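What follows is a short report on a single structure.
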Amino acid sequence: MTAMTASPQTGADGVSTSDPCAKEPSNLEQLAGKFHKFVEASPMGIHFYSLTADDSLIFDGANRAADEILGVDNARFVGSTIEQAFPPLAQTEIPTKYRNVAKTGTPWHTDQVVYADDQIAGAYEVHAFQTWPGQMAAIFADITAAKRTESERQRLEQQLIQAQKMEAIGRLAGGIAHDFNNLLMAIRGYADLAEQQYHEGEDPTNDIFAIRKGTEQAAHLIQQLLAFSRKQAIRPQVVDLNKVINELHRMLDRLLGEQVRIDLDLDPSGCVATIDPVQVNQVLLNLALNARDAMAGDGTLNIGTSAVDIDALRCRSHPEASPGLFAVLSVRDTGSGISQKEQPHIFEPFFTTKDFGAGTGLGLAAVYGIVRQNHGFIELDSRIGQGTEFRIYLPTGQPKVEVTQRRATTATAASETGETVLLVEDEAMLRNLLETALAHTGYHVLVAHDGPMAIQLSQSYDGTIDVLLTDVVMPDMNGLQLCERLRANRPELKVIYMSGYTDDVLSQRELCEQDGPLLQKPTSISNLAEKLREVLGA
Ligand SMILES: Nc1ncnc2c1ncn2[C@@H]1O[C@H](COP(=O)(O)OP(=O)(O)OP(=O)(O)O)[C@@H](O)[C@H]1O
Ligand SMILES: [Mg+2]
């Protein structure tokens, strides 16, 4: 074929002049000449091609790594064109690029070729270069696992950003609602007093009556804001969801109007959740009112209950949840649906697509806060013009106290460092996310939701704890106090503080910086990983 695919020496008469006892050179020896051992031993896959006079790019052979990486015997493609051997490549720029490499000698490289046929599937990085005029080799490495790790990292990063965003808005909304609630109570109290003083009574034309009506509406808004920021005082108890739905049925019927049919699809074996019953009403009402608006007064609302067992794998997409038995409350309508563009925003407070005055954008924010406060999560299915289904997952039992000791064994772990991190964070969603991200990076993670639990964990754990990663502001004991307590028994313990608060912690900042760095929330996973490496030593 070419100089490098040297065939055995032949004389002028066409009769072979080589030693008849000599071993026939292998295909690779023919392709790579004196470098064939090097090619055979290469951990990267190598494909050889040559161009024919009619510009066909013919597959000449491959090394052993190519067979191993692709999981096929490449020998069977020898003699085929590149398009026959690897049909999906015909739709890509690769055949043209390879031809160009073989002709011009200008090397070509691509970071990523995603390939899939009946037998081969994966992502590959490829370097193509000329081996001889009219011939070329493509060296490739399998980057499928790295790519999966990267997209997993991006997914976690996105979740973390979203969680931190909602957390920050929640704190803001909670602060406003709390102060405003006190003011409102005062306004309402004085309105009551004035009413008594001037004996105005329930006359809608009276000024004081108008003030009282206004405060009632404001109180409702504040209730939704408090629900969103999880500042509502609640009394969780074991609630039969079927019973609550049956009790609310008549009221919903009136609220939704005659043109809307309500279908109940309740699990006959019962459906219990641990939640404040007032909150179940709040959730159902908000979802039903949204459905009514989306159906413009005409359609079917389906309310259903069921129970599911959620395993650890599924919890990975819902970091706020812990594995276990969940009650599922589903509310489905035949309304207008929610566009893909709007879906990521609907749980944010004050996001509304309704006309001015028709919606405040607090209904779903309240639902979100309530579900989070009860350690549940929400799934949404919606298509424009086809309707919407919200599925609310609520743990059936009291939320378990989480103490997990686990070692990351995922094949895609970025690095198996084996160092032990004691993670202390009171916010469940962030805690679960950080745990997943750390385990994914290869750390051994011990998890506690507050200081006392961290101390208990440290006492019962025999191994070394390399670093404490702790929130600063926590209910029972702050991060600084916790670190001090832990160091009484573990003087070598390193520490990284995390904080979302600025003002009250800034005064403590210097203190923090003395024995460990302070990570300001929101922070990215890569930033956290960097800090950990910095503190633990590269
Ligand atoms: N079932 C649904 N079908 C279609 N769109 C919906 C549905 N539920 C919510 N939405 C969309 O999500 C937005 C936010 O809903 P949310 O309940 O938070 O606020 P709102 O209904 O606009 O106002 P509020 O509930 O405070 O009166 C709505 O404006 C609407 O665009
Ligand atoms: Mg609403």
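Here are the numbers for this structure:
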read-out: FRET E, pair N206, A186, Förster distance 22 Å, beta-carbon r, rounded to 0.05; value: 0.65
read-out: Charge-dipole axis of the chain as Lys and Arg at +1 and Asp and Glu at -1 on Cβ define it, positive-most pick from G376, A448, A218; value: A448
read-out: Value of [θ]222 nm, deg cm²/dmol, for the chain, DSSP H segments ≥ 4, -39500 (n - 2.57) each, nearest 500; value: -13000 deg cm²/dmol
read-out: Spin-label pair Q386/L289, simplified geometry with 7 Å Cα→Cβ offset, distance in nm; value: 2.9
read-out: Rg ratio (alpha-carbon, reference 2.2 N^0.38 Å) - the chain; value: 1.37
read-out: Under-5 Å amide H pairs with V495, H placed in peptide plane, nonlocal only; value: L468
read-out: Whole-Hz ³J(HN,Hα) from phi, Karplus 6.51 cos²θ - 1.76 cosθ + 1.60, for segment 39-50, glycine and proline x; value: 5, 5, 7, 4, x, 8, x, 10, 10, 10, 9, 9
read-out: 20 °C / 1.002 mPa s Stokes-Einstein diffusion coefficient of segment 137-293, Kirkwood radius on C-alpha pairs, µm²/s; value: 104
read-out: Spacing of the two label points (7 Å from each Cα toward its C-beta) at V473 and L264, in nm; value: 4.4
read-out: Helix runs (DSSP H) in the chain reaching 30 Å along axis by Cα, Kyte-Doolittle at least -0.5; value: 207-228
read-out: Fraction of beta bridges assigned by DSSP in the chain that are antiparallel (%, nearest 5); value: 70
read-out: Stretchable slack from R155 to L325, in nm (0.36 nm times residue separation minus alpha-carbon distance); value: 58.7 nm
read-out: Net lengthening on full extension, A41/D54 (0.36 nm per residue, minus Cα-Cα); value: 1.3 nm
read-out: Extension gain (nm, one decimal) between Q197 and L255, 0.36 nm per residue minus Cα-Cα; value: 17.2 nm
read-out: For segment 27-142: Kirkwood Rh in Å [reciprocal of mean 1/r, alpha carbons]; value: 14.0
read-out: Anisotropy class of segment 237-395 from Cα gyration tensor, a/c 1.5 cut; value: oblate
read-out: Amide H partners (placed H, <5 Å) of M477, local residues excluded; value: G451
read-out: D462-S526 pseudo-label distance in nm [points 7 Å out on the Cα-to-Cβ vector]; value: 4.0
read-out: Cβ-based charge dipole, the chain, positive-most Cα from F347, A137, S336; value: A137
read-out: Residue-by-residue Karplus 3J(HN,Hα) for segment 257-273, coefficients 6.51, -1.76, 1.60, Hz, glycine and proline x; value: x, 5, 6, 9, 8, 10, 9, 9, 10, 9, 4, x, 7, x, 8, 10, 9
read-out: Fraction of the pair-distance distribution of segment 155-229 above 16 Å, Cα-Cα pairs, percent; value: 59
read-out: Under 18 Å from K341, Cα to Cα: aspartates and glutamates that are on another chain or at least 8 residues apart; value: E379, D381, E389
read-out: Rounded accessible area of Y124 (nearest 10 Å², 1.4 Å probe); value: 10
read-out: For G61, residues with placed amide H under 5 Å, excluding near neighbours; value: F48
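The values are calculated or read from the model by the stated rules, or taken from the named source; none is laboratory data. Bear in mind that the values here come from a model prediction, so they are computed numbers and not experimental data. Cβ: placed from backbone, ideal geometry, glycine included. Neighbour counts: every protein chain shown. These area figures cover heavy atoms from the full protein model, side chains too; ligands, DNA and RNA do not enter into them. Shrake-Rupley method; radii C 1.70, N 1.55, O 1.52, S 1.80 Å.
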